[in-house]
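Worksheet for the structure shown next.
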Amino acid sequence: MGHHNVCQDNILFNSMWFKKKEEKTEEDHLFTKSWMDKWEENLNESHDFKKKAVKWNERIILKATPVSGPFEELDATGIWINIQYGKCVEMRYATTEDEPVADVIISADLHTWSEIIHRKKDPTMYIMKKRIKLEKGSLVMLSTKKKAVISLIEQAPSSESYLPEKVVNLSEKLYDKKDQKREYKTTGKGLDFDSFPMQLFQKAKKYGIWNPADISFEQDKADWNQLDDEEKNIILHLSSLFLAGEEAVTLDLIPLIRVVALEKRIEEEIFLTSFLWEEAKHTEFFSICMKEIFQSPSDLDKYHGPFYRTLFYQKLPHALNALELDASPTAQLKAAGTYNIIVEGTLAETGYAAFEKMLRENSIMPGIQEGIGKLKQDESRHIAYGLFLINRLLKEHPDERYHFENELEELLNDATNIIFEIFQPYDQVPFGLDQEWFLNYAIKQFQHRMNRITF
Ligand SMILES: [Fe+2]
Ligand SMILES: [Fe+2]
């Protein structure tokens, strides 16, 4: 019974994911007029700020140096904030003329401001660490008003949409001067055979060498002809999602392999050769099914709904191809989160469960069942590598975690919306498939992955 309750809770919890993400408004963009208005409104509605800033009277300029982004277009230098007795009496763009009358001027580049605002950081700490500059005013005074300062920042509408990323260009890595003194690991200290990627590679050579062309689909063809139209439709529907999905992960993996290679992580690259080969084979497997069992229907992308398209036509390729221009830890985490955690670890896993329910439970189509069984084994290595990569990145860059988790939360929303979208056209889903069961299954898969992110 306890287990039953957990499921119920999950369904309730899930319902929050169904909501479509609202369109981004101007408020979502940092440093815009409406964003400032919202910040002012938040401050004046906040009891916390009122309490902590009750003895605080200060005209503050949060200055952007160099002047860039929205400030540049408006000839502004930053944001003017006038605090009087716990109330924000004025918030607007600042100009150079405001500087002589300001009590406090704090300057930082836009990236740092975005980080402080988005991550709710304490600006006084940034001043002390010399990451931002106190151009005017006293640090001692700010430190004594620390709680008010933090509350001021906490009330700022948080947003990632103006968070310029720190770009690490791949070509910089490529033309790294140190390459002149390149060392080859194999002729130096040697490959690390005990490393996790090498262990995965040993498994890949053992279990990943199956051949889709060796699978017999004779019984599958006979079973297919016995199905009614609705049943055929749902099998084609799910197959078409897998077909494009496998092609997408085959097309999109290369930029990640390239980053790993340029970082000279030879053991990881060795494993990734099997990873890419297996994805190619999965694409081949579903293509063979289409041809041999389903007689090559041509308009399969009619099954790709808007949410599916957002993830597989846009977000996945963008997240991976972005690595060509930006190989920063932030960008790598986004790529691995999208690819390994959401596409492979959440959606693909749920899709296999659907196939298993349809085919295994009805003892039909043994060829597809066999292929899916092999595919699942391959995927478990891919997901394991993804988790290894994410843990490695987060261990080296622990302050990325917050941003990464936010990213994943949005992606999980995309994934659950896709499941929702799959079931929408059916009044009665063939083979007794149940939407809630799958949503729960997907969330559970996601939770398993999250539990294995340990940093
Ligand atoms: Fe795959
Ligand atoms: Fe995969």
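The values are calculated or read from the model by the stated rules, or taken from the named source; none is laboratory data. Because the structure is a prediction, the values reported are computed rather than measured. Every residue, glycine as well, gets a Cβ built from its backbone with ideal geometry; the counts of neighbours run over all protein chains shown.
Scanning region 422-440 for residues that are more than 15 Å from GLU231 (Cα to Cα) and buried (at least 18 other Cβ atoms within 10 Å of the Cβ) returns PHE438, LEU439, ASN440. Do we find that GLY337 is under 12 Å from the mean Cα position of the chain (by Cα) and closer than 23 Å to VAL260 by Cβ in this structure? Against the criterion (under 12 Å from the mean Cα position of the chain (by Cα) and closer than 23 Å to VAL260 by Cβ), GLY337 qualifies.
A single member of GLU278, GLU263 is surrounded by 15 or more Cβ atoms within 10 Å (Cβ to Cβ) and either within 14 Å of ligand 2 (Cβ to nearest atom) or among the charged types (D, E, K, R) (or both), and it is GLU278.
TRP437 passes all but one of (1) part of a helix (DSSP H, G or I); (2) modelled with pLDDT of 90 or more; which number fails? The single condition TRP437 does not satisfy is (2). Applying the criterion of being within 16 Å of ligand 1 (Cβ to nearest atom) and polar (S, T, N, Q) to the residues of region 208-266, the residue that is nearest to VAL343 (Cα to Cα) is THR250. The condition (being within 16 Å of ligand 2 (Cβ to nearest atom) and among the acidic types (Asp, Glu)) is satisfied by just one residue among GLU183, GLU230, GLU246: GLU246.
Table: residues versus (1) of a type outside the set (S, T, N, Q); (2) surrounded by fewer than 17 Cβ atoms within 10 Å (Cβ to Cβ); (3) within 16 Å of the chain's Cα centre (by Cα).
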site: THR346; (1), (2), (3): no, no, yes
site: MET358; (1), (2), (3): yes, no, no
site: MET365; (1), (2), (3): yes, no, no
site: GLY371; (1), (2), (3): yes, no, no
site: SER380; (1), (2), (3): no, yes, no
site: ILE383; (1), (2), (3): yes, no, yes
site: LEU393; (1), (2), (3): yes, no, yes
site: GLU410; (1), (2), (3): yes, yes, yes
site: THR416; (1), (2), (3): no, no, yes
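Within region 303-326, is even one residue within 16 Å of ligand 2 (Cβ to nearest atom), surrounded by 19 or more Cβ atoms within 10 Å (Cβ to Cβ), more than 16 Å from the chain's Cα centre (by Cα) and farther than 30 Å from ASP214 by Cα? No; the residues of region 303-326 include none that is within 16 Å of ligand 2 (Cβ to nearest atom), surrounded by 19 or more Cβ atoms within 10 Å (Cβ to Cβ), more than 16 Å from the chain's Cα centre (by Cα) and farther than 30 Å from ASP214 by Cα. Within region 378-394, the set of residues being away from ligand 1 (no atom under 14 Å from the Cβ) and under 19 Å from GLN199 (Cα atoms) comprises LEU387, PHE388, LEU389, ILE390, ASN391, ARG392. Here the condition is being at pLDDT 95 or above and either away from ligand 1 (no atom under 16 Å from the Cβ) or over 20 Å from the mean Cα position of the chain (by Cα) (or both); of PHE285, PHE294, it holds for PHE285 alone. Counting only helices (runs of 4 or more DSSP H) that fall entirely inside region 297-377 and contain at least 1 residues that are within 16 Å of THR250 (Cα to Cα), among the aliphatic types (A, V, I, L, M) and within 16 Å of ligand 1 (Cβ to nearest atom), the qualifying elements are 316-321, 329-336.
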